[in-house]
Amino acid sequence: MTAPASSIDVRAIAPRDRHALIFSTFDGLAQGQAMELVNDHDPATLRRQFDARMPGQFAWSDLEQGPATWRVAITRSKAANGSPGTCCGSCGGA
């Protein structure tokens, strides 16, 4: 993996604010860029939210899996639908 475009340590951030910060940071990534997330618990719920909101738009790589610290790299594998110069795939690439 190449160096992440950004790193977020959410351990000192209020839990209610964490996911919004993570998603806004991810939204700022260009295709192929990654962010590193550092957390104090297993980010399984976050992973499910990524799967539901952005299927096929990211790659998730576990870097460290507890018990005190979890680290993951989240890479934008393709731009969000509707971004300039991207295809959502619904037309079959025509």
Suppose we filter segment 39-53 for residues that are surrounded by fewer than 17 Cβ atoms within 10 Å (Cβ to Cβ) and either closer than 13 Å to Asp9 by Cα or in contact with an Asp or Glu (Cβ under 8 Å, 6 or more places away or on another chain) (or both); how many remain? 2
Can you tell me how many residues within segment 54-65 are part of a loop (DSSP other than H, G, I, E, B) and either in contact (Cβ under 8 Å) with a residue 60 or more places away in the chain or exposed (fewer than 12 other Cβ atoms within 10 Å of the Cβ) (or both)? 2
Among Asp42, Asp51, the single one that is in a loop (DSSP other than H, G, I, E, B) and either charged (D, E, K, R) or in contact with a His (Cβ under 6 Å, 6 or more places away or on another chain) (or both) is Asp42
So which residues in segment 8-26 are of a type in the set (Gly, Ala, Ser) and touching a helix residue (DSSP H, G or I) at 6+ places or on another chain (Cβ under 9 Å), if there are any at all? none
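FYI, it's all coordinate maths here, none of it is from the lab. These numbers were taken from a predicted model, which means no experiment stands behind them. Neighbour counts are summed over all protein chains in view; Cβ atoms, including those assigned to glycine, are modelled from backbone coordinates with ideal geometry.
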